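Below: one structure, written as structure tokens.
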Amino acid sequence: MKQELPSEKIEELRAAFELFDKNGDGTISATELAEVMKQMNQNPTQQEINDMIGEVDEDGNGTIEFEEFVTMMTRHQSSTKVTDEQLQAVFARIDTQGQGVIDGKQLYDCIRLLNISLSKDVTKLVDQTIRLCENKIDLKNLRMLVAQLPIEEEDDLAMSFKMFDKNGDGSISKDELREVMASLGENLSEKEIDDMLAEADVNNDNVISFEEFKNMMSQTGR
């Protein structure tokens with residue numbers, strides 16, 4: 001394997017490869033790649049599909065073998081932004097029975113399809129979600145999980161902060177915190193909201209500043 005990746009990452013990519021490889025022949029064809037991308041609400045042209053394959057198809061046989069798939073996924077690992085549209089599409093793809101809930105194994109399939117690296121912190125959050133949801137995860141739970149994942153770029157943190165800071169005054173109030181958590185499917189009690197605020201509010205001014213928000217988000221994935 002040309003990529004020097006930990007065994008856990010290789011296993012994760014192997015599972016993702018199998019999701020793409022619909023007929024189980026050990027390769028991903030242009031048709032299989034296009035099908036999965038369309039199910040993720042991405043509609044590439046045939047030329048774009050061919051270009052994606054061409055970038056990594058070292059043996060020139062027109063399909064993607066596992067090692068080539070590893071190259072493709074690691075190359076695009078940090079460039080993909082997860083949108084709510086993608087979350088819905090991936091959830092619908094995994095929820096093949098249309099029941100509105102998935103189990104823990106299927107949740108891991110969602111994470112792999114979203115090309116989110118299963119680091120120790122991410123795995124901890126996924127397992128926590130499975131446990132709290134008693135192995136019955138709905139779309140709101142998936143949204144909440146993805147919202148909690150460690151954020152590396154400050155631009156992304158700033159965007160998340162603005163989502164909470166409804167009135168744009170540069171701080172997150174208790175009411176704003178409650179509103180956003182509810183929109184993510186988390187109807188927390190007053191005590192839980194107070195506890196969240198108190199934990200983040202280092203200077204005790206009853207609101208969360210951007211710096212306090214950054215600290216809170218970094219601790220979430222710890």
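Computed quantities for the displayed model
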| read-out | value |
| --- | --- |
| Qualifying residue in the range 66-77 (condition: more than 17 Å from Leu19 (Cα to Cα) and at pLDDT 85 or above) | no |
| Leading residue by the ranking (surrounded by the fewest Cβ atoms within 10 Å (Cβ to Cβ)) among those in the range 158-205 that are hydroxyl-bearing (Ser, Thr, Tyr) and in a helix (DSSP H, G or I) | Ser183 |
| Tabulated pairs, the range 97-123, first in contact (Cβ under 8 Å) with a residue 40 or more places away in the chain, second assigned to a loop (DSSP other than H, G, I, E, B) and among the small types (Gly, Ala, Ser), C-beta under 7 angstrom, 6+ apart or interchain | Asp121/Gly221 |
| Residue count, the range 95-141 (criterion: modelled with pLDDT of 90 or more and in contact with a Ser or Thr (Cβ under 8 Å, 6 or more places away or on another chain)) | 3 |
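The values are calculated or read from the model by the stated rules, or taken from the named source; none is laboratory data. In this text the structure is predicted, and so the values were computed from the model without any measurement. Note that we place each Cβ from the backbone using ideal geometry, even for glycine, and neighbour counts take in every protein chain shown.
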